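The values are calculated or read from the model by the stated rules, or taken from the named source; none is laboratory data. None of these values were measured; they are calculated from a predicted model. Cβ: placed from backbone, ideal geometry, glycine included. Neighbour counts: every protein chain shown. Please note that ligands, DNA and RNA were not included when accessible areas were found on the heavy atoms of the full protein model with its side chains. Shrake-Rupley method; radii C 1.70, N 1.55, O 1.52, S 1.80 Å.
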Amino acid sequence: MHTLTRTVRFAVGPSADARGVNGFAGNPSVAGFDRHYELRVSCRGEVDAVTGYLIDIKAIDRAVRDRVVPLFVAGVEDGETPASVLRQSVGALASLPAALQSVRLFLTPYHSLEMAAADQTTVVMRQRFDFSAAHRLHSPSLSDEENRRLYGKCNNPRGHGHNYVVEPAVRCKPDALPLAELEALTDRVIIQAFDHKHLNEDTVEFDVRKGGVLPSVENIARVFFDRLAPELAKHSSGAVLERITVWETDRTCASYPG
Ligand code: NI
């Protein structure tokens with residue numbers, strides 16, 4: 001079985017111009033104060049032996065522009081919620097020539113809602129946060145020489161810093177959890193606790209002398225998940241933390257559970 005994901009970008013608003021030819025940046029193209037959205041359409045299936053395609057991406061582009069963009073235009077005009085328009089979009093894409101798996105709507109580059117074709121009663125809400133922290137990778141189970149060889153510059157005795165990006169993925173009923181509440185919770189439980197800290201020195205979670213774990217990006221994702229999941233459950237019954245993804249750089253990220 002294969003999965004193919006196609007990203008389609010488009011603008012919605014009184015000046016949006018469907019004559020655009022730059023699908024990379026968005027078609028209809030943005031003008032004035034139009035809103036800009038991004039949809040990631042994922043399909044699952046077998047690959048055609050003749051074409052090598054699971055689905056012709058032009059069919060996805062056409063379906064989004066012909067059937068989904070008008071739903072957004074109407075939804076914005078009528079004051080519907082993004083989750084409601086997303087559900088309508090999943091319905092409008094159900095007739096694609098390959099099985100629709102999910103549709104993920106980026107409302108901003110940092111905030112998205114995803115709905116699976118197989119479960120249109122819930123959405124997965126994601127929002128990105130950032131924080132800065134120092135850490136040092138040094139395992140007490142290894143010799144100083146082995147630590148230097150394994151971790152290289154990451155074993156630097158006084159540590160080094162990263163601008164981390166954190167993205168919780170929360171499954172909930174559409175519109176059940178306001179974004180501001182997820183933000184407040186994540187800020188209190190994760191960001192305030194770790195921002196501008198030396199993870200090994202200032203936090204018990206990553207202080208191996210106090211039973212903590214090494215602050216690798218894999219462990220950071222797990223520690224954050226273990227902190228946020230119960231707080232979210234307490235705050236909002238029905239909202240479930242599915243996953244936390246942490247980027248250490250724009251080239252390295254870890255998700256837990258993976
Ligand atoms: Ni590092």
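Considering segment 154-173, the residues that are surrounded by 17 or more Cβ atoms within 10 Å (Cβ to Cβ) and not hydrophobic (A, V, I, L, M, F, W, C) include one that is farthest from the ligand (Cβ to nearest atom), namely Arg171. Listed by first and then second residue, the pairs with beta-carbon distance under 8 Å, at least 6 apart or on different chains, first residue in segment 31-52 and among the small types (Gly, Ala, Ser), second assigned to a loop (DSSP other than H, G, I, E, B) and open to solvent by less than 20 Å² (accessible area, probe 1.4 Å), are Gly45/Ile55; Gly45/Ala98.
Residues in segment 122-153 that are open to solvent by 80 Å² or more (accessible area, probe 1.4 Å) and within 23 Å of the chain's Cα centre (by Cα) were compared, and the one that is nearest to the ligand (Cβ to nearest atom) is Asp130.
Those residues that are in contact with a Lys or Arg (Cβ under 7 Å, 6 or more places away or on another chain) and either on the phi > 0 side of the Ramachandran plot or open to solvent by less than 70 Å² (accessible area, probe 1.4 Å) (or both), I need them from segment 191-238; list them, please. Within segment 191-238, Asn200, Thr203, Gly238 qualify. On inspection, Asn163 qualifies as farther than 15 Å from Leu232 by Cα and touching a strand residue (DSSP E or B) at 6+ places or on another chain (Cβ under 7 Å).
A Cβ distance below 8 Å, combined with a sequence gap of six or more or placement on separate chains, defines the contacts here; from segment 54-70, residues that are under 17 Å from Phe106 (Cα atoms) reach residues that are among the aromatic types (Phe, Trp, Tyr) and open to solvent by less than 50 Å² (accessible area, probe 1.4 Å) in the pairs Val64/Phe10; Arg65/Phe10; Val69/Phe10. Scanning for something in a strand (DSSP E or B) and within 24 Å of the chain's Cα centre (by Cα), does segment 16-35 turn up at least one residue? There is at least one residue in segment 16-35 that is in a strand (DSSP E or B) and within 24 Å of the chain's Cα centre (by Cα).
Residue count for segment 63-96 under the criterion of being among the hydroxyl-bearing types (Ser, Thr, Tyr) and over 21 Å from the mean Cα position of the chain (by Cα): the result is 1.
Please state which one of Leu93, Leu86, Leu100, Leu107 is in contact with a Pro (Cβ under 9 Å, 6 or more places away or on another chain), farther than 30 Å from Leu214 by Cα, open to solvent by less than 30 Å² (accessible area, probe 1.4 Å) and not small (Gly, Ala, Ser).
Going through Leu93, Leu86, Leu100, Leu107 in turn, the sole match is Leu86.
If I ask for residues that are over 17 Å from Glu114 (Cβ atoms) and open to solvent by less than 30 Å² (accessible area, probe 1.4 Å), which ones from segment 239-248 would you list?
Once the filter is applied, which keeps residues that are over 17 Å from Glu114 (Cβ atoms) and open to solvent by less than 30 Å² (accessible area, probe 1.4 Å), segment 239-248 yields only Val246.
Could you please let me know if Val90 is on the phi < 0 side of the Ramachandran plot, in a helix (DSSP H, G or I), β-branched (Val, Ile, Thr) and away from the ligand (no atom under 16 Å from the Cβ)? Taking the combined requirement at face value, the residue satisfies it.
For Leu179, the criteria (1) in contact with a His (Cβ under 7 Å, 6 or more places away or on another chain); (2) open to solvent by less than 30 Å² (accessible area, probe 1.4 Å); (3) more than 16 Å from the ligand (Cβ to nearest atom) hold in every case but one, which is (2).
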